[in-house]
Amino acid sequence: MRVIKYVFQPHGDDRGQLIALEEFKDIPFKIKRVYYMYDTAEGVVRGHHAHKKLEQILVCIHGGCKIRLDNGKEKKVVPLEKPYEGLYVANNMWREMFDFSEDAVLLVFASELYDENDYIRDYDEFIEFIKEHPNAD
Ligand code: TYD
């Protein structure tokens, strides 16, 4: 499984850092939705789902967390702890987010509006789904 991590170029000067993200340039899709998680309680694991169509870029803009990616054949854990790093999460990919630091803010850019019908929340169903819709690698 190929992990695609973007390193965004900050516009840094002696005042500090600024990162600007544009669709189709820094983010590889049209950004239809942005959401973020914060105040995540200790020990919580979020996610536990895949999407049929939706693609995402995850950025932990403050603090840190870990993302477990699972394409049905292979699992990888990716730490996210830099505000200039973005993790691409393809469709047809099971994901779990865990090990949130107390101060973690996890920002998500999504290619689709919220649609419960796009979710696969059952792992066995996910395994069946990817047999018909395999991921690129
Ligand atoms: P949930 O799917 O449990 O988050 P995750 O699986 O990523 O940890 O979402 C929590 C709640 O927020 C749930 O009631 C659905 C709602 N929600 C929206 O209304 N819009 C959104 O864009 C998202 C991501 C969630």
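The values are calculated or read from the model by the stated rules, or taken from the named source; none is laboratory data. Since the structure is predicted, the reported quantities are computational estimates derived from the model, not experimental observations. Glycine also receives a Cβ, built like all others from the backbone with ideal geometry; neighbour counts cover every protein chain displayed. Heads up: the accessible areas ignore ligands, DNA and RNA and are worked out on the full protein's heavy atoms, side chains in. Shrake-Rupley method; radii C 1.70, N 1.55, O 1.52, S 1.80 Å.
A few comments on the model shown:
- Overall dimensions of the chain, expressed as equivalent-ellipsoid semi-axes from the Cα gyration tensor (√(5λ), whole Å, largest first), are 26, 17, 13.
- Put a plus charge on the Cβ of each Lys and Arg, a minus charge on the Cβ of each Asp and Glu, and nothing anywhere else: the dipole of the chain about its Cα centre is then about 360 debye.
- Cα long-axis angle, helix 123-132 against the chain (0 to 90 degrees, to the nearest 10): 80
- Dipole magnitude for segment 54-100: computed about the Cα centre from +1 point charges on Lys and Arg Cβ and -1 point charges on Asp and Glu Cβ, it is near 120 debye.
- Computed in the context of the full set of protein chains, the accessible area of the chain at 1.4 Å probe radius has 49% of its extent on carbon or sulfur.
- Selection from Gln9, Tyr84, Leu58, by position along the positive dipole direction of segment 4-132 (Cβ): Gln9
- Segment 1-28 and segment 85-105 have Cα centres separated by 17 Å.
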